[in-house]
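Read the figures in this text as sums done on the coordinates, not as results from a lab. Here the structure is a predicted model, which is why all the values come from computation and not from measurement. Positions of Cβ are backbone-derived with ideal geometry, glycine not excepted, and every protein chain shown enters the neighbour counts.
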Amino acid sequence: MKCYETVWEIFNECANNQMRDVFIDEVEIDDIEEFLKRKFKGKELTFDRSVKEDGTIIYDIVASGIKQRYSFTEI
C-alpha cells in the first residue's frame with residue numbers, strides 16, 4: 001500500500017460564490033481509482049486523470065453533476 005496526502009475540493013455551483021469546500025486527509029490505498037469508485041458509490045461518476053511534475057496525481061471529477069477535484073501526493 002502507498003500512503004497519500006489527499007486534497008478533496010468540491011466546487012461551488014452558485015454564480016456569485018467562488019468559494020469551494022476543501023478537505024485534507026491521509027489515506028493508505030493500493031488503487032486510487034478503486035478508492036474513488038468506493039468514495040462516490042451510487043453516484044454517476046466520470047473523471048480525468050493528470051500528473052503534475054512533482055508527481056501529484058490529480059483527478060478532475062464529476063459526481064452526479066457536481067464538479068470536484070481529488071489530489072493525491074505520495075508521502
Sparsely packed GluC sites (Glu not before Pro) within the range 18-75, loop by DSSP, other Cβ within 10 Å at most 14: 44, 53
Under 20 Å between alpha carbons - lysine pairs in the chain that sit 8 or more apart or on different chains: 8
Rounded to a whole number, the Stokes-Einstein D of the chain in µm²/s (Kirkwood radius over Cα pairs; 25 °C; 0.890 mPa s) is 189 µm²/s
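Residue 5: net charge of surrounding residues, Cβ under 15 Å, Lys/Arg +1, Asp/Glu -1, itself excluded? Walk me through the numbers on the way to the answer.
Details: positive: 2, 52, 69; negative: 9, 25, 26, 28, 54, 74.
Net charge in that neighbourhood comes out at -3.
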Using DSSP to call loops (not H, G, I, E or B), can you name the trypsin sites (Lys or Arg not before Pro) in the chain whose Cβ has at most 11 other Cβ atoms within 10 angstrom? 41, 52
